[in-house]
1. Can you tell which of LEU846, GLN363, SER569 lies farthest toward the positive end of the dipole of the chain, using +1 and -1 charges on the Cβ of basic and acidic side chains (Lys, Arg; Asp, Glu)?
2. So how strong a dipole does region 208-351 carry about its Cα centre when Lys and Arg Cβ are +1 and Asp and Glu Cβ are -1, to the nearest 20 debye?
3. Using the structure shown, select from LYS9/LYS162; LYS984/LYS1006; LYS471/LYS576; LYS471/LYS903 the pairs with a Cα to Cα distance greater than 31 angstrom.
4. Return the carbon/sulfur percentage of the accessible area of the chain, one whole number, probe 1.4 Å, all protein chains in place.
5. Which of the lysines could be linked to LYS101 by a straight reach, that is with a Cα gap under 16 Å, when you skip same-chain ones fewer than 8 residues away?
6. Using the crude model of +1 on Lys and Arg Cβ and -1 on Asp and Glu Cβ, and no other charge, please compute the dipole size for region 339-395 relative to its Cα centre, in debye to 20.
7. Cα-Cα pairs above 16 Å in region 1-103: how many percent?
8. Given contacts defined as C-alpha pairs under 8 Å and at least six residues apart, what's the relative contact order of the chain, whole-number percent?
Amino acid sequence: MVPVALRLKNFMSYGEAAPVLDFEQFQVACLSGNNGQGKSALLDAITWALWGEARKTSDSRKPDEHLLRVGAQQMEVEFTFDLEGQRYRVLRRYTRSSSGKTSKSELELQVYEPETGTYRPLTGASVSETQERLNQLLGLDYQTFINASFLLQGRADEFTRKKPGERKEILARILNLDRYERLAELAREEVREAKARAEQIERQLEQIQEALQEESELKARHEALQERRRALEAERETRQRHLQTLQEQRVRLEENRRRLEELQEQERQQTARLREERERLVRLEAELQDLEQLLARREEIEQAHARERTLQEERRQLEAKREQYWGIQKQLDQVQSELERQRSELEKKLALVRKEQEHVQRQLQELTTRLQERPRIAQRLKAAEQARQEMARLEQQRQQRSALEEEIRHVSEALLAAQKELEGQLRSLQRQLEQEADVPEQLAALEARCRELEQQEARYRALQEELERLKETGQGKKAAIEALQARLQELERQQQDLQQRYDTFRQAEADVCPVCGSELGPEHREEVERHYEEQLGELARGLDEGRRQLAALEQEREALRQQYIARLSEAKRLEKAPEELARARAQLEELQRRNVRREALARQLSALQTQLEQRAFAQEQRRRLEELHRKLEALPFDEQKFETLRQQAAEAASLRERLQELETLQGRRESLENEQRRLAQLEQQYRQELDQGPALQQLLQRKRALQEKLQAIGFDPARLQQVQQELETLGDVGAQVHRLLHAEENLKKGRQERETLQRRIRQEEQALERLQAQLQQLRQELEDLPRVQAACEEARQQLAATEVALQEVRQAIGECQARMEQLQTLRAQRKQLQQELESVRHRERLHRHLQQAFGKHGIPSLIIEQTLPELEARANELLERLTDGRMHVYLRTQRAKKSGGTKETLDIIITDEQGAARPYETFSGGEAFRVDFALRLALAQLLAERSGVRVRTLVIDEGFGTQDPQGLQHLVEAIQAVQSDFDKILVITHLSELKQVFPVRIEVEKDPVEGSRFEVIGV
């Protein structure tokens, strides 16, 4: 990173008109000025622009405020720099509100594009995102930068003053070794995941092993189920044949039953037809008899028919007169109605006048009565005025008493409120105590439960230890069994070989002994045979003994396995005991706290009850209440008298109004007397119109004329009604005449139809007899149907039971097959899991090695070990020039421990010209500064050479005042010696003898009003 330009505004001592610092004008320059003028502020501006860090109080709530120029509300720094051949620009701004309560920070990052000659923004969505991009671009943070490239005021000895562990952290950051820490963390995470996965696989393998133990039992059960299935299939086939035979019989009988039902339906229809034909014959006989009777009444019917024609003619003439009669009668009714209406109207008017006369008369009587009350009302009005004056005096007393009573009420309410509050507290405490009432019982139960769980936990721990012991013992037994089996196999092999040689010897006719090679005689042959038999007997005894030992070991192993299974079952039953004990103990602590709280509540409740019983509360209100009652008793007041006076005074207004009303009523009585005379005249007029009115006389004359016309018509309504009644009596004569005309012909046809019906009835009766015979035969055959149906149902149930049993067996077989397939899958899964477990274990071991390698004692430590000699050599090279070879520095990475061995460290050992090691603190300020300067320059050179970090700037702002002229000359030479390693070197000083050495100077001055300013000299 190479600075290009710096522009700042209101930053620390710089104001609004601060000039732009152009770094492209020089490579090495001296930044000079008196103390406090603003030299170091330029460097703080660079670090603040890049990282938001500078000389400020880190624990301040708003640390950027310490960098803001006094009196300003906004500061801004714009820094341009080159990095890897690309130019960038950073703009950081801080704004404080006028009230000073809020502030705002802004950060912009831009890259220069030579093609367009403009800057393209790289700013993120937030300040933190932009800062992250800037950090990635620079490749280092603020602390690493100032520890490697800035020798800032007060920080030159920061590296040497650090603790050994912190020095290694600084070197690690400079060397970008923190990536190994991230790799170590990734390796640790992989180890944790691999370990967790391995434990999970082991649990799965245990579960699979337990499941595979049932395979042999499952195969035996599967074979038994297959045998059961074959037996049930044979039984089902037999039952199906038997059921089929019964069903064929039932189908045949069912067909007969359906035939029976059809014949029964035919019988019913045949019987119905026969019944209908018989009923028709009866009806025909009645019709023939009726026709014969009708022919016998021929003369009577003809006479009645002639009488009917005569009456009809008379009715026609009467009906013609009736129309004229009813027209005149209607007019007569209308005249009578109008006459009655006019009389009714006159009578109503007359009645209305009489009512008005009665009303006026009543009003006159009421007025007379009310006017007689005038003297009495005047006397009552005078008494009411006197009562009002007396009431005003009593009202003042009443108000005084009301004020006292109101205050008594307030004090009583306050006293009652205090009591209610205490009672509310009492009820609240009682409710809380009720809620906690079962705490002692729960506490005792939980303590007993904890003791029980502690016993279970102790038993669980003992079982775990016993299981481990049984497991180890079982593994020993397994090894012994395997060794013994191998020994028995070897003995069996030896026995077979020896027996084969013995058999060969006995069958062969050899003359040479196969054992010793000598001549084989009869005695020698017997001796050899005894030798073989003794060896075979010894081997047989060894095999028998070994088999007995093997059987005993297997029994012991089986006993151990059964014991292990029993203990494991018990341990699984108790495996939740530690967790339950922890929960129970937590619950016990909570109950104990609740019990303490319950006891405190009981004490509070007792105190409150005592306070309420003794009324030892609100004493001030009680004293005030007694005083108010005494004042109230000293102020008498007759409430009844006051109420009487108040009622009497309240009548004054109404009595005054009644007097005024009586005066008005005097004039009202005269007008009512005039109205009474007018109504009497109107009554006399209506009476005359009712007796002799012209309209009524005209209506009476019209009524008499209409009555005379009715008499002239000669219509008799009674005769018309009589004729109609006689015609109704002869109403069916016409029908009888009509029937009489066709009676002879119908009688002949009826007799022929009767003969036909009688013949058909005989035929139907014969067919019905034949049908009934068939029905009787079918009923006899169907008597066997219930037995066949019952047998079919029983056979069907037996077949269904067999089917259900067969289905259950098949289902069980399917379940067995599925379980066997599942076991097969589990066996394959076990193989895969075993392979995966081996792979996971290998991955765990590998990442454990990587975790150690990436740890601080691994690769980072080796890199630091390899880097320190170079750092030491560079520092000694600079220190030799600065001290004329009188001082050397040695970086020690290991230190002996008091308890033995060594530990990692990073100590700085300084030797003088005699080669004696001296502590850093014993050197003078100038000497210590030379050591600091040499180490810091060496760190800067290392940083410049590291590919991961691109810092090409060196800033020195410290300690020149502690050097003598020769030391200053050595410092200048050292700076010139490392000049080629950096693109920009800034030396900050206020010493005039030092700034003259540098051809380019940046002179800084501070104006009291405008702030700090600078000028570049020598360019």
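1. GLN363
2. Values: 32 positive and 36 negative charges, 53 e Å.
Computed charge dipole of region 208-351: roughly 260 debye.
3. Numbers: LYS9/LYS162 35 Å; LYS984/LYS1006 25 Å; LYS471/LYS576 22 Å; LYS471/LYS903 42 Å.
Distance filter (> 31 Å) returns LYS9/LYS162; LYS471/LYS903.
4. Working: 28490 of 62350 Å².
Roughly 46 percent, rounded to a whole number.
5. List returned: LYS62.
6. Values: 14 positive and 10 negative charges, 18 e Å.
That gives region 339-395 a dipole magnitude of about 80 debye.
7. Details: 3127 of 5253 pairs.
Across region 1-103, Cα pairs with separations above 16 Å total 60 percent.
8. Values: 1008 pairs, mean separation 300.8, N = 1019.
Relative contact order for the chain comes out at 30 percent.
The values are calculated or read from the model by the stated rules, or taken from the named source; none is laboratory data. Fair warning: this is a prediction, and the values are worked out from it, not measured in the lab. FYI the Cβ positions are ideal-geometry reconstructions off the backbone, even for glycines, and counts take in every protein chain you see. Areas reflect the complete protein model, heavy atoms only, side chains present, ligands, DNA and RNA absent. Shrake-Rupley method; radii C 1.70, N 1.55, O 1.52, S 1.80 Å.
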